[in-house]
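The values are calculated or read from the model by the stated rules, or taken from the named source; none is laboratory data. Remember, predicted model here, so these are calculated numbers, not experimental data. Every residue, glycine among them, receives a Cβ derived from its backbone with ideal geometry; neighbour counts consider all protein chains shown.
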């Protein structure tokens, strides 16, 4: 579904991505791990056509992100770290607005399905600003899901949520698996253990590992993803702002 081939991106003398290559399979949940400044944001921005890169090639569902950016944009969506909802609209109105903007077919069915899948049916007439933090985050992701993308980018989906809200959102994300390709960034390594099929570890613009959890553990001679991550990624907190 995503093919990244020898991608390099520089900002002046700083190399944000250094000959990055890996693939993301259709309908899997894939995690990209790295310390702040490792290159995660730069890579996602390159995949999603937001920024150009200096060398290499990225294909999304067979489309070149440079030559076929319109086609790429039509099959992806992004749920950002920041909660992206219209807080003075109701839950239903938020979903309806996005359906209209994206010309979603069978609008009412799509809204009903998303309300059910995200546990928001009882809140459909509530103003978004009246929702809890966990409910707001679920609505924010629902607004991306209702556009029916083939690939959904989830940037720190549970950042700032308490344990119960995080568990609820994990259940929602599990329900999306198999329906679309999920590309996840997170600093919660237990989230990787819980949700993902495969992962990549990037450090200072270089991919240090790609594979299943078991493959990465074996490569790092570690018993947990946290141990593997700390073994393979040095990190210094400098570089790009992620």
Out of 44, 51, 58, report the one residue that is within 24 Å of residue 146 (Cα to Cα) and either outside any loop (DSSP other than H, G, I, E, B) or in contact with a helix residue (DSSP H, G or I) (Cβ under 6 Å, 6 or more places away or on another chain) (or both).
44
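Conditions tested, residue by residue: (1) farther than 20 Å from residue 209 by Cβ; (2) free of Cβ contacts under 8 Å to residues at least 12 places away in the same chain.
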position	(1), (2)
5	no, no
12	yes, yes
17	no, no
25	no, no
29	no, no
33	no, no
38	no, no
48	yes, no
Condition (residue is over 21 Å from the mean Cα position of the chain (by Cα) and not in a loop (DSSP other than H, G, I, E, B)) applied to segment 76-89: is it met by at least one residue?
no
Within segment 195-203, is there a residue that is modelled with pLDDT of 90 or more, surrounded by fewer than 20 Cβ atoms within 10 Å (Cβ to Cβ) and touching a helix residue (DSSP H, G or I) at 6+ places or on another chain (Cβ under 9 Å)?
yes
Looking at (1) buried (at least 17 other Cβ atoms within 10 Å of the Cβ); (2) at pLDDT 95 or above; (3) not assigned by TED's automatic domain parsing to the domain that holds residue 228, can you tell me which one residue 134 breaks?
(2)
Applying the selection to segment 145-170, what residues are closer than 14 Å to residue 95 by Cβ and buried (at least 21 other Cβ atoms within 10 Å of the Cβ)?
145, 146
Residues that are touching a residue at least 12 places away in the same chain (Cβ under 8 Å) and either surrounded by fewer than 16 Cβ atoms within 10 Å (Cβ to Cβ) or closer than 24 Å to residue 166 by Cα (or both), drawn from segment 216-234
224, 225, 226, 228, 229, 234
Within segment 1-23, how many residues turn out to be in contact with a strand residue (DSSP E or B) (Cβ under 9 Å, 6 or more places away or on another chain), farther than 17 Å from residue 64 by Cβ and assigned to a loop (DSSP other than H, G, I, E, B)?
0
Among the numbered criteria (1) in contact with a helix residue (DSSP H, G or I) (Cβ under 9 Å, 6 or more places away or on another chain); (2) at positive phi, which one does residue 124 miss?
(2)
Hey, can you tell me all the residues within segment 148-164 that are more than 8 Å from the chain's Cα centre (by Cα) and under 17 Å from residue 29 (Cβ atoms)?
149, 150, 151, 158
